[in-house]
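Comments concern the structure below.
The values are calculated or read from the model by the stated rules, or taken from the named source; none is laboratory data. These figures come from a predicted structure and were not determined experimentally. When we count neighbours, we look across all protein chains shown, and the Cβ atoms used for this are built from the backbone with ideal geometry, even at glycine. The area values use the complete protein model at the heavy-atom level, side chains included, leaving out ligands, DNA and RNA. Shrake-Rupley method; radii C 1.70, N 1.55, O 1.52, S 1.80 Å.
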Amino acid sequence: MKVTVVGTGYVGLVTGACLAEIGHHVICVDQDEMKIEKLKRGISPIYEAYLEDMIFRNIQEQRLSFSIDMEAAMPGSQVVFIAVGTPSLEDGDVDLSQVEKAAREIGKHLSAYTVIVSKSTVPVGSCRRIAQIIKKNLIKEVSFDVVSNPEFLREGTAIYDTFHGDRIVFGSRSKKAVDILTELYKPLHQKILVTDPESAELIKYASNAFLATKISFINEMANLCEKTGGDIQAVAEGMGMDQRIGNKFLQAGIGFGGACFPKDVSGLLKTGEKYGYDFKIIRQTLAVNSTQKQKPLEILEKIIEDWKDIKIGILGLAFKPGTDDVREAPALYIIKELYGRGVHVKAYDPVANDNMQSVLSFPVTYCNNPYDAVSDCDAVILVTEWQEFKELSLRKIRRLMKRKIFIDGRNVFASESMKKKGFDYYPIGICCKEIMTQNLVEGEIYIDESEKSNYTGSGTWNQIFTCN
Ligand SMILES: NC(=O)c1ccc[n+]([C@@H]2O[C@H](COP(=O)([O-])OP(=O)(O)OC[C@H]3O[C@@H](n4cnc5c(N)ncnc54)[C@H](O)[C@@H]3O)[C@@H](O)[C@H]2O)c1
């Protein structure tokens with residue numbers, strides 16, 4: 001089939017390349033001329049594993065091309081995907097201006113029956129709105145259908161996810177449109193759920209809000225573990241063994257970020273408000289996440305008395321491993337907070353240094369390797385769990401650091417071993433009491449740091465061990 005994809009970002013570009021890979025003729029359109037120029041030369045403007053090779057191959061085989069011109073791209077397309085951005089507005093509502101603009105352009109250039117597919121994540125009722133805009137902008141009377149086809153790929157594994165998705169969802173009341181899309185996706189051999197557009201639009205928000213809530217839930221459990229002496233990793237393992245719960249999205253850490261979870265959870269909350277419904281659970285999901293992002297700073301506030309001349313190394317800037325995307329990344333928040341305290345921030349990410357540099361207007365020392373980023377630092381915060389960080393020489397890290405404060409925002413390392421290596425180590429959801437209990441000495445007393453001043457027992461201070 002001939003297909004047009006409007007918007008060549010993380011979703012549009014992967015969709016376009018994968019559809020070309022399975023044999024369709026795809027033209028990807030974007031309003032960003034620089035992006036299109038790069039793409040025409042086979043260079044991917046984003047980092048996503050295997051994507052550039054796939055783009056290059058499909059250009060060579062003449063199934064994939066790029067343009068800034070909708071008028072030239074659309075004729076003959078049986079299917080047009082809308083894959084433009086839907087960022088958050090200031091108040092958390094969804095900014096639909098890119099989608100509306102794309103719909104106007106599509107309307108102007110529609111010349112025969114076409115299936116218009118909304119791949120962008122849009123609030124319930126948007127397909128109806130897209131259809132109205134297209135209709136209003138038609139130059140000549142042609143029929144069309146608008147289908148909601150939410151995207152579930154994850155950055156970092158986007159190509160794998162496209163070929164091995166759990167389901168494809170079509171929201172449409174038109175059999176003709178569903179038949180065309182079923183044919184389009186046939187080579188992927190995936191389960192297809194056909195429903196009405198409203199439900200399809202809600203499925204996407206419900207899925208993301210549910211996953212985000214799972215993360216906030218495990219982060220709250222982590223906070224309770226720290227107070228009670230539990231180990232969140234053991235708790236998560238035990239929970240995850242229950243097949244009704246599953247072990248995914250149970251990794252405690254310093255909160256979620258990215259281009260989807262924060263904005264989609266806010267968007268669903270806003271939808272609730274518009275319809276007079278207060279979605280209490282997801283309101284708390286966001287609140288917990290925003291507190292969780294502050295954890296590294298709370299830990300540092302307790303240890304660092306004077307912020308003057310403090311140097312802190314940040315390991316990982318992307319919102320998750322496998323991508324260069326820094327939108328709403330926890331690192332963004334942490335770096336801004338540190339800079340506000342006068343800290344000299346050094347940072348390293350295998351692929352996201354440039355993107356972070358383009359969004360931060362103040363000086364950060366971007367390093368070419370993790371060792372330079374920690375060198376001479378008072379503290380290190382591991383923010384993104386890239387595989388290469390798991391393979392670091394910790395002895396070298398320790399040697400290079402000035403003070404040995406290591407905040408492991410993703411629980412990459414083992415507490416006991418980090419303590420043994422001489423780090424002042426702070427994981428998430430693992431109380432240091434847990435480590436000490438392995439060497440319990442009779443007569444010693446273990447109390448919580450916050451209870452230290454209230455302690456009225458008879459133990460002398462060198463017998464009392466606190467946990468943070
Ligand atoms: N990024 C993800 O992991 C992911 C996953 C699932 C769903 N989604 C959803 O998919 C949509 C796209 O997300 P993204 O991350 O790819 O966004 P993005 O910001 O990376 O890409 C959007 C692209 O659309 C282009 N664009 C905007 N308006 C245009 C127009 N009128 N004509 C042509 N091009 C236009 C922009 O220049 C940009 O290149 C969003 O709704 C998002 O919520 C994203």
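At a glance:
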quantity: Test: residue in the range 202-210 that is assigned to a loop (DSSP other than H, G, I, E, B), of a type in the set (Gly, Ala, Ser) and open to solvent by 30 Å² or more (accessible area, probe 1.4 Å); calculated: no
quantity: Only listed residue being in contact (Cβ under 8 Å) with a residue 40 or more places away in the chain and in the same structural domain as Asp424 (by TED's automatic domain parsing), chosen from Lys311, Lys263, Lys270; calculated: Lys311
quantity: Within the range 56-93, considering residues that are within 14 Å of the ligand (Cβ to nearest atom) and without any contact (Cβ under 8 Å) to a residue 60 or more places away in the chain, the one most open to solvent (accessible area, probe 1.4 Å); calculated: Glu71
quantity: Hits in the range 105-162 (condition: within 11 Å of the ligand (Cβ to nearest atom), open to solvent by 50 Å² or more (accessible area, probe 1.4 Å) and more than 22 Å from Ile180 (Cβ to Cβ)); calculated: Arg154, Thr157
quantity: Residue list for the range 284-297, filter: open to solvent by 40 Å² or more (accessible area, probe 1.4 Å) and touching a strand residue (DSSP E or B) at 6+ places or on another chain (Cβ under 7 Å); calculated: none
quantity: Selected residue [within 11 Å of the ligand (Cβ to nearest atom) and open to solvent by 20 Å² or more (accessible area, probe 1.4 Å)] from Glu100, Glu37, Glu21; calculated: Glu100
quantity: Single residue of Asp231, Asp196 found to be within 30 Å of Glu21 (Cα to Cα) and in contact with a strand residue (DSSP E or B) (Cβ under 9 Å, 6 or more places away or on another chain); calculated: Asp196
quantity: Among (1) open to solvent by less than 40 Å² (accessible area, probe 1.4 Å); (2) within 10 Å of the ligand (Cβ to nearest atom); (3) farther than 18 Å from Pro87 by Cβ, the one test that Thr4 misses; calculated: (2)
quantity: Contacts under 9 angstrom Cβ, first residue in the range 218-231 being in contact (Cβ under 8 Å) with a residue 12 or more places away in the chain, partner open to solvent by 30 Å² or more (accessible area, probe 1.4 Å) and not in a helix (DSSP H, G or I), 6 or more apart; calculated: Ile218/Phe249; Ile218/Gln251; Cys225/Asp231; Glu226/Asn468; Gly229/Tyr446
quantity: Lys227, sole failed condition from (1) modelled with pLDDT of 95 or more; (2) away from the ligand (no atom under 16 Å from the Cβ); (3) over 21 Å from the mean Cα position of the chain (by Cα); calculated: (1)
quantity: Condition met for Leu400 (within 20 Å of the chain's Cα centre (by Cα) and buried (at least 18 other Cβ atoms within 10 Å of the Cβ)); calculated: no
quantity: Total residues in the range 237-283, condition part of a loop (DSSP other than H, G, I, E, B), open to solvent by 40 Å² or more (accessible area, probe 1.4 Å) and among the hydrophobic types (A, V, I, L, M, F, W, C); calculated: 5
quantity: Qualifying positions in the range 164-186 - open to solvent by less than 60 Å² (accessible area, probe 1.4 Å) and out of contact with any strand residue (DSSP E or B) (no Cβ under 9 Å at 6 or more places or on another chain); calculated: Gly165
quantity: Selection within the range 37-56 - under 18 Å from Gly23 (Cα atoms) and not in a loop (DSSP other than H, G, I, E, B); calculated: Leu51, Glu52, Asp53, Met54, Ile55, Phe56
quantity: Residues located in the range 298-356, provided they are surrounded by fewer than 19 Cβ atoms within 10 Å (Cβ to Cβ) and in a loop (DSSP other than H, G, I, E, B); calculated: Ile304, Glu305, Asp306, Trp307, Lys308, Asp309, Arg341, Gly342, Val351
quantity: So Cys28, is it modelled with pLDDT of 95 or more and within 10 Å of the ligand (Cβ to nearest atom); calculated: yes
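Quick grid of which residues meet (1) in contact with a strand residue (DSSP E or B) (Cβ under 9 Å, 6 or more places away or on another chain); (2) closer than 30 Å to Asp324 by Cα; (3) at pLDDT 95 or above:
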| position | (1), (2), (3) |
| --- | --- |
| Asp376 | yes, yes, yes |
| Thr384 | yes, yes, yes |
| Glu388 | no, yes, yes |
| Met401 | yes, yes, yes |
| Arg410 | yes, yes, yes |
| Lys419 | yes, no, no |
| Cys432 | yes, no, no |
| Ser453 | no, no, no |
